[in-house]
Amino acid sequence: MRIPAWVVGEFIGTFLLVFFGCGSVAAAILTGAQVGIFQVATVWGLGIATAIFLTASLSGAHLNPAVTCALATCGNFPARRVVPYITVQLAGAFVAAAVLHGVFAGSLAAYETTHALVRGAPGSEATAMIFGEFFPNPGGKPLTDAGRALVSMGAAFGIELLGTAVLAFIIFGLTDERNSARPRELTAITIGLTVTMLISLLAPLTQAGFNPARDLGPRLWSAIFGGWGTVPFSANGSGWFWVYLVAPLVGGQIGGILYRVLLRPGYRAEQSNGV
């Protein structure tokens, strides 16, 4: 039985997104390979661009439930395919987390020993952040009361919503065929650069997820098979749900609506005027 092209595209694309993106976080935290947020953000952006170039012709390269849902409500994507797409995206992210865990197992154990971290105990979000996301960004260290006061759940929700709304807004504009200034062959690069800029700006606060599959797939791996137990779902209380699942889905809808209200009418006018 032949696997549908869209399944291959969404699985491989999301796998690569997480492999390169979360891999850059792992390398930065565990080995110091990347210095600063911008270098991590650059790897994320390049990874996303590569995944889009590779899989766009197979599935449209959504690679993100927030994008899939926004395309279903504000674009032309069939609603009946939303759940299958999201399921495959989650699977790709989950498998990528498993692979990364194997690749960095030795470095991870050494880091935990050096910093007296007990996996699964309070404070082990310092390394669980390689997979799922936390606010404020732990930066490889246990969260403290002082640190938690810097970014409330409400603020984190707003940040993730805003980042995803901006991303969806730009994706819609870049891919609208009526936009004569769209980058065409460079669309994937432009989307990757957008993600790089957003991560550089917002990752110090919330790790800049903007993608429920990217967060939930690795978070589930770390909790079930990685040894972190309940920490990925308790360190921020219910924040893992509201900030990293709900906020991006709402943000994607807002970005799509803003595109329909602000950009699409202008693109149509541009085309009708022969500009």
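The values are calculated or read from the model by the stated rules, or taken from the named source; none is laboratory data. Keep in mind it's a predicted model, so treat the numbers as computed, not measured. Quick reminder, even Gly has a Cβ in these numbers, built from the backbone with ideal geometry, and neighbours come from all protein chains shown.
Results for (1) of a type in the set (A, V, I, L, M, F, W, C); (2) more than 25 Å from residue 136 (Cα to Cα); (3) over 17 Å from the mean Cα position of the chain (by Cα), shown as yes or no for each residue.
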{"position": "17", "(1), (2), (3)": "yes, no, no"}
{"position": "25", "(1), (2), (3)": "yes, no, no"}
{"position": "61", "(1), (2), (3)": "yes, yes, no"}
{"position": "65", "(1), (2), (3)": "no, no, no"}
{"position": "81", "(1), (2), (3)": "no, yes, yes"}
{"position": "106", "(1), (2), (3)": "no, yes, yes"}
{"position": "109", "(1), (2), (3)": "yes, no, yes"}
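Scan the helices (runs of 4 or more DSSP H) fully inside region 84-182 and keep the ones with 1 or more residues being at pLDDT 95 or above, surrounded by fewer than 19 Cβ atoms within 10 Å (Cβ to Cβ) and among the hydrophobic types (A, V, I, L, M, F, W, C). Before the answer, list the steps.
Details: elements: 105-114, 125-128, 145-148, 153-175.
Fully inside region 84-182 and qualifying: 105-114, 153-175.
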Read through the list (1) among the hydrophobic types (A, V, I, L, M, F, W, C); (2) closer than 22 Å to residue 73 by Cβ; (3) surrounded by fewer than 18 Cβ atoms within 10 Å (Cβ to Cβ); (4) under 15 Å from the mean Cα position of the chain (by Cα), then give the number of the only condition that residue 261 fails.
(4)
Does at least one position in region 186-209 carry a residue that is of a type outside the set (D, E, K, R), on the phi > 0 side of the Ramachandran plot and within 14 Å of the chain's Cα centre (by Cα)?
yes
Return only the number of the condition from (1) among the hydrophobic types (A, V, I, L, M, F, W, C); (2) over 19 Å from residue 172 (Cβ atoms); (3) surrounded by 21 or more Cβ atoms within 10 Å (Cβ to Cβ) that residue 28 does not satisfy.
(3)
Of the conditions (1) surrounded by fewer than 18 Cβ atoms within 10 Å (Cβ to Cβ); (2) in contact with a helix residue (DSSP H, G or I) (Cβ under 6 Å, 6 or more places away or on another chain); (3) closer than 16 Å to residue 126 by Cβ, residue 223 clears all except one; give me its number.
(1)
Counting only residues that are among the polar types (S, T, N, Q) and buried (at least 24 other Cβ atoms within 10 Å of the Cβ), how many does region 60-83 have?
2
Kindly indicate the residue of region 183-211 that is over 20 Å from residue 39 (Cβ atoms) and touching a Ser or Thr at 6+ places or on another chain (Cβ under 7 Å) and also modelled with the highest pLDDT among those meeting that condition.
187
Could you list, in sequence order, the residues of region 114-157 that are on the phi > 0 side of the Ramachandran plot and either of a type in the set (A, V, I, L, M, F, W, C) or touching a strand residue (DSSP E or B) at 6+ places or on another chain (Cβ under 9 Å) (or both)?
116
With respect to the numbered conditions (1) under 28 Å from residue 10 (Cβ atoms); (2) of a type outside the set (Lys, Arg); (3) touching a residue at least 12 places away in the same chain (Cβ under 8 Å), which one is the sole condition not fulfilled by residue 102?
(3)
Would it be correct to say that residue 59 is farther than 22 Å from residue 219 by Cα and touching a helix residue (DSSP H, G or I) at 6+ places or on another chain (Cβ under 9 Å)?
yes
